[in-house]
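Asker: One structure is given below, represented as C-alpha cells, and several questions about it will come after.
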Amino acid sequence: MRDREAALRFIIENYLPDMLINLSTAILIWLFGVLFFIPTASSIEPSNLPILVGLILLVAFTFFLSRSIKGLLTLIPPLVDRLAKRIAQENRNDRSARFTGWRTEKFIKALVYSALLVAFYLLYMPLLNLISVQINGLILIIVILWVLWILLKEIVLT
C-alpha cells in the first residue's frame, strides 16, 4: 500500500508539473487559434490564409500536446488503479455487480484511454477541417477503429 502511494507521489512530483504546463499551453494555443486567429484569418483573406494559420496552429498544438503525453500516460495507470479499487470495494457489497477486481481495472482503463483518444480527436477536428475535410474523415475512421480495438483488447480479449 505504501509502495503504491510512494510511486504515485513520485509520479505526481516528477511528471505532473511539466504535463500540466505543456497541456495548458496546448489548450491555450487551441483556444486562441480556433476562437481568434482562424476567424480573423478568414475575415482577412478567406481562401489561403486560414489554411496557413491552421497548419501553424496544428504544428504548435501537436508539439505541446506530444510533450504532455508522456506525463499523461505515466499518470493514468496509478489513478485508474485507485479508481478501480474504490469501485471494486463498492461492488463487493453489491451482489449484482458485474465486474470485479482486475476486470474493473481493465474496464476503467479502456474507458479512460478511449475518452482521451476521442477528446484529442475533438481538439484536432477544427484544425483538420481547415486543411481537408477528407483527412478529417479518414482520421475519424481511424479513431473509431482504434477505440473499438482498445475496448476489444482490454475488455473482451483478456
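Asker: When region 12-29 is examined, which residues are found to be surrounded by 17 or more Cβ atoms within 10 Å (Cβ to Cβ) and of a type in the set (S, T, N, Q)?
Answerer: Quick first cut of region 12-29, residues surrounded by 17 or more Cβ atoms within 10 Å (Cβ to Cβ) only: 15, 19, 22-23, 25-26, 29.
Of everything in region 12-29, those that are surrounded by 17 or more Cβ atoms within 10 Å (Cβ to Cβ) and of a type in the set (S, T, N, Q) turn out to be 22, 25.
Asker: Let me ask something additional. Just give me the residues in region 84-118 being farther than 29 Å from residue 140 by Cα and modelled with pLDDT of 70 or more, in sequence order.
Answerer: 84, 85, 86, 87, 88, 89, 90 - these are the residues of region 84-118 that are farther than 29 Å from residue 140 by Cα and modelled with pLDDT of 70 or more.
Asker: Find the residue count for region 101-158, including only residues that are among the small types (Gly, Ala, Ser) and touching an Asp or Glu at 6+ places or on another chain (Cβ under 6 Å).
Answerer: 1
Asker: Looking only at region 110-128, which residues are touching a residue at least 24 places away in the same chain (Cβ under 8 Å) and under 16 Å from residue 68 (Cβ atoms)?
Answerer: Residues satisfying the conditions are 112, 113, 116, 117, 120, 123, 124.
Asker: Can I ask one more? For region 125-158, enumerate the residues that are more than 30 Å from residue 49 (Cβ to Cβ) and part of a loop (DSSP other than H, G, I, E, B). Please lay out each step first, then the result.
Answerer: Keep residues of region 125-158 that are more than 30 Å from residue 49 (Cβ to Cβ), which gives 144-158.
Listed by number, the residues that qualify are 157, 158.
Asker: Return a yes/no flag: does region 34-41 have any residue that is under 18 Å from residue 131 (Cα atoms) and in contact (Cβ under 8 Å) with a residue 60 or more places away in the chain. Walk me through how you get there before you give the answer.
Answerer: Going through region 34-41, the residues under 18 Å from residue 131 (Cα atoms) turn out to be 34-41.
Right, trim to in contact (Cβ under 8 Å) with a residue 60 or more places away in the chain and you get 34, 38.
Yes, because at least one residue in region 34-41 is under 18 Å from residue 131 (Cα atoms) and in contact (Cβ under 8 Å) with a residue 60 or more places away in the chain.
Asker: Further question on the same structure: Has region 67-83 got at least one residue that is small (Gly, Ala, Ser) and at pLDDT 85 or above?
Answerer: Yes, region 67-83 has at least one match.
Asker: Restricting to region 129-158, count the residues that are touching a residue at least 24 places away in the same chain (Cβ under 8 Å) and of a type in the set (A, V, I, L, M, F, W, C).
Answerer: So the answer is 8.
Asker: Could you say which residue among 35, 57 is at pLDDT 85 or above and touching a Gly at 6+ places or on another chain (Cβ under 6 Å)?
Answerer: 57
The values are calculated or read from the model by the stated rules, or taken from the named source; none is laboratory data. Nothing here was measured: the structure is a model prediction, and the numbers come from that model. Every residue, glycine among them, receives a Cβ derived from its backbone with ideal geometry; neighbour counts consider all protein chains shown.
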